[in-house]
1. Counting each DSSP H run of 4 or more residues in the chain as -39500 (n - 2.57), what helix-only mean residue ellipticity at 222 nm follows after dividing by all residues, to the nearest 500 deg cm²/dmol?
2. Going Cα to Cα from Lys13, which lysines come in below 26 Å? Please leave out same-chain ones fewer than 8 positions away.
3. Return the FRET efficiency for the residue pair Ala193, Glu79: r is the Cβ-Cβ distance, R0 is 25 Å, and the value is rounded to the nearest 0.05.
4. Quick one: grab the alpha carbon gyration tensor of the stretch 143-296, order the square roots of its eigenvalues as a ≥ b ≥ c, and give me rounded if a/c is under 1.5, else prolate or oblate depending on whether a/b is larger than b/c.
5. Which label belongs to the value computed from this structure, given these candidates for Rg/Rh (Cα atoms, Kirkwood Rh): (1) 1.01; (2) 1.34; (3) 0.95?
6. What distance in nm separates the simple spin-label points at Arg251 and Ser307, each placed 7 Å from Cα in the Cβ direction?
7. What spacing in nm lies between the two simple spin-label points modelled at Arg322 and Ala53, each 7 Å away from Cα in the Cβ direction?
8. Does a label point 7 Å from the Cα of Thr260, set along Cα-to-beta-carbon, have any residues of the stretch 84-114 with amide nitrogen under 12 Å, and which are they?
Amino acid sequence: MTWQVSTLVDLRKELVKALTEGEASVSEVCRRMAVSRETAYKWIARFREEGEAGLLDRSRRPHTSPRCTPAELEERVCELRRRHPAWGGRKIHHRLKALGAQGIPSPSAITDILRRNGLLAADRRQRRAYQRFEAERPNQMWQMDFKGDFALPGGRCYTLTVLDDHSRFNLCLQACPDQRRETVRSKLLPVLATYGLPETILLDNGPPWGSGYSRQPHTRFTAWLMRLGVNVSHGRPYYPQTRGKDERFHRSLGLEVLQTRPWASLEDVQLALDPWRCVYNEERPHEALAYAVPAQRYTYSPRPLPSRLPALEYLATDEVRRVQADGKISFRGRELRVGKAFIGGTVALRATEEDGVWEVYYCKQGVGRVDLCSSHVPDL
């Protein structure tokens, strides 16, 4: 007998023909075609049930998949992603857990679901890892800044943000028409009245809370904060990583809100900011908090906003000088420029252990240092 076959299907046809027509015994056919008796009987059975179609290869995909994500849960994953397009597999996983969902897929499985449904964003660029600092408790430090501005019909929008360093809780998210001192103050006062005073506020070096990178970095705004009893810290010049938590918050704010559509007015922007702030604080799992939400980690400050600015008080051993209209004071025969931020107020000069060296204070914060032994006394 000569066997001339080109495919497995042809081989199966020849096998079935030889066996059904009785050309040889089963054992002989199986030996010549190098198949087992079990295989031969399998193809005969399929041929009798389905004809030649039964000789074709069948899919090896299982009829059931116990580990497959139920369609309802997969739709829930996709719905969360549509509501929050910047959330990845890990955030969605932890949000579903917080909502009490059962049988939640792993973060990688959720990523696969997003990919299958065309909801996966482009891969993020690799970023350099920076050493991270975190305040030990809520209200130990707040970070405050403006998100980069953008055009509106008839003006621009500057988004003011305040973030608690320890909890990442967002305390202020306001659309502003400018970056003027009075605008910021009007937005910050309700925040201080609601949450209390922080120990320190970390700021950058630009207006309204910085005067550039000069020797006198303070402004009338930061002097006001000091009067309230808040310590002011300016970040390292040209290093936005100093305020990394607020910078990261700004990136999320841009991706999830500000870049999603054109805006008609400041009021239109604010209508989108208010609900997103609630989602960020109370629903959005935060990777840096082990996927807790900021509201779970934040507590109100025990230091209330005073009803009026406290008086300037210094130690009995301090030498106190009033700051003149040009931002200068006179001390031990020297004229020193302490900055226009303190005009009309007083500063204290406090002796140090070094001969001729004095620390300059406004309220309780050091704002400069004077060395009277130097032949030239620079501005503070």
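Here, each number is a calculation from the coordinates, and none is a lab measurement. Remember, predicted model here, so these are calculated numbers, not experimental data. Counting neighbours? That spans all protein chains shown, and the Cβs are built from the backbone with ideal geometry, glycine included.
1. After summing the helix terms and dividing by the residues of the chain, the value is -9500 deg cm²/dmol.
2. Partners found: Lys42.
3. 0.10
4. Taking the square roots of the gyration eigenvalues as a ≥ b ≥ c, the stretch 143-296 is oblate.
5. Label of the calculated value: (2).
6. Using points 7 Å along Cα→Cβ, the separation is 4.6 nm.
7. 10.4 nm
8. 84-87
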